[in-house]
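Okay, so here's the structure we're looking at.
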Amino acid sequence: MERRTFMALVSGGLLAAPLAVEAQPAGKRWRIGYLTSGFREGPGSNPTVDPFLRSLRELGYVEGRNVTLEIRYAEGRTERFPPLATS
């Protein structure tokens, strides 16, 4: 390979490098902890968590996409709050 051809290829590569497309960084994923004294119930039947999730969706937060929700149930035993909050 001639020196001029080599220099042209290297120069062209260096000039084109800033034009390379990069992936857009993902938006911030929020993490929300929800601690309740209630009992774990089936999906769609929790009178305190379901309205909260609905309100989050109305505000544009979708679980798994831009928000992670961790729900912990004390099952009527308030003495369980401290260990649930720290785990």
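The values are calculated or read from the model by the stated rules, or taken from the named source; none is laboratory data. Worth saying up front: this structure is predicted, and the values here are computed from it rather than measured. In this analysis, Cβ positions are derived from the backbone assuming ideal geometry, glycine residues included, and neighbour counts consider all displayed protein chains.
Across the range 63-72, what is the number of residues that are part of a loop (DSSP other than H, G, I, E, B) and surrounded by 10 or more Cβ atoms within 10 Å (Cβ to Cβ)?
2
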Every pair of residues 6+ apart whose Cβ atoms lie under 6 Å, when the first sits in the range 50-72 and is within 16 Å of G33 (Cβ to Cβ) and in contact (Cβ under 8 Å) with a residue 12 or more places away in the chain while the second is of a type in the set (F, W, Y) and not in a strand (DSSP E or B): V67/Y61
Among the candidates G33, G42, residue that is in a loop (DSSP other than H, G, I, E, B), closer than 30 Å to R80 by Cβ and modelled with pLDDT of 65 or more: G42
Qualifying residues in the range 45-61 (those that are surrounded by 11 or more Cβ atoms within 10 Å (Cβ to Cβ), of a type outside the set (F, W, Y) and not in a helix (DSSP H, G or I)) - the one modelled with the lowest pLDDT: N46
